[in-house]
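Here is the structure we will look at.
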Amino acid sequence: YNRALNRLMTLIFIIFTVVIILCNILKTDKTFSEEENRTLATMPKFTIKSFLSGDFTEEYTKYVEDNFAGKKGFVSIKTNLEKLSGKTEINSIFIGEDGQLFEKFKEGSEEETTAKISAINSFSERYSNLNISFILTPTATKVLEDNLPKYAPNDDELSYINNVFSGLNNNINTINPYEALNENKNEYIFYKTDHHWTSKGAYITYTVFCEKLGLTPMNIDNFKITTVTDSFYGSLTSKIGIQSKKPDSIDVYIPKESDFIVNYVDNQKKSTSLFDSTYLDKKDKYNIFTGGNHSLINIKTLGDPNKKLLVIKDSYANCFLPFLTSHYGEINVVDLRYFY
């Protein structure tokens, strides 16, 4: 009986291994993962030099990890087993109350932080004639920390923000929207399945921005608020490999009395909107805002042409931009991840 069982288990293992190998050989490689919203590794070119240096092995390992047949299913099985065992942290994502997902926050090295502060200071010194403001935004991990699992090991985002601000030149106007966001933490200001803030969270920060710059913020009644989807599963869902029972919804705030022309320079495309509804049929629905990230966006409004704004940003700014169009005649939006 034991011999028969061992032979059967061996046969099953061999068949399973052969099937997996054949599936990986026959499958067509993808270049982009919608679930993870990133470009996948490609098959590296073999050379004796790269093999001896270890570069080929490292790159090939990344290629196999990214293109393994049935990867999504295996990740889902692993995550469900870990949840059943009581784990609340999976792939550096915390599973909080009411299905809220949180990205683990860990400060960068002191050397890295110092380099970033020096870069900002260098910019302000080079362009000392400009009015420069710097917004460093806390995430849901800090603002909604009461919903984190008990004893979740995180560095303190607020302490990190204050540390960065303390190293900046005095002529830089620092803006920290933490207090305003914290006062509204019971509202829907961060997505549950994604690392971004919602349009409501961006609007709250916009009011803080206006207060710091001496501007009068547009009343929320000046925007047409529309829920464009209620089936959004974001980046944090992709990282843990399973979907929560309740997806996120996305609201867009469309200015009622603001006409503008948007030039997406890298795509050589012009539009009268900062929204792209085609992304509502895709995995990453957050890209409805500006159609995702772009190296350079130029916005011209009917406002005072002498009032110009340069925004150096990451993707948090994508849903923030519509609130700025009533205050400036021209806005240039730069994403440094696309520039050297």
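Some points to look at:
- All positions within the stretch 134-153 that are open to solvent by less than 50 Å² (accessible area, probe 1.4 Å) and not in a helix (DSSP H, G or I): F134, L136, T137, P138, T139, L144, L148, P149, A152
- Condition broken by D284, with the remaining ones in (1) free of Cβ contacts under 8 Å to residues at least 60 places away in the same chain; (2) out of contact with any Ser or Thr (no Cβ under 7 Å at 6 or more places or on another chain); (3) open to solvent by less than 80 Å² (accessible area, probe 1.4 Å) satisfied: (1)
- Among residues of the stretch 83-114, those that are open to solvent by 60 Å² or more (accessible area, probe 1.4 Å), assigned to a helix (DSSP H, G or I) and more than 24 Å from I189 (Cβ to Cβ), counted: 6
- Residue that is most open to solvent (accessible area, probe 1.4 Å), among those in the stretch 289-340 that are polar (S, T, N, Q) and farther than 22 Å from Y279 by Cβ: N306
- Selected residue [modelled with pLDDT under 95, charged (D, E, K, R) and in contact with a Gly (Cβ under 7 Å, 6 or more places away or on another chain)] from D314, D304: D304
The values are calculated or read from the model by the stated rules, or taken from the named source; none is laboratory data. Being a predicted model, the structure only gives us computed values, none of them experimental. Cβ sites come from the backbone with ideal geometry, for glycine too, and all protein chains shown count toward neighbours. The accessibility values were calculated without ligands, DNA or RNA, using every heavy atom of the protein model including side chains. Shrake-Rupley method; radii C 1.70, N 1.55, O 1.52, S 1.80 Å.
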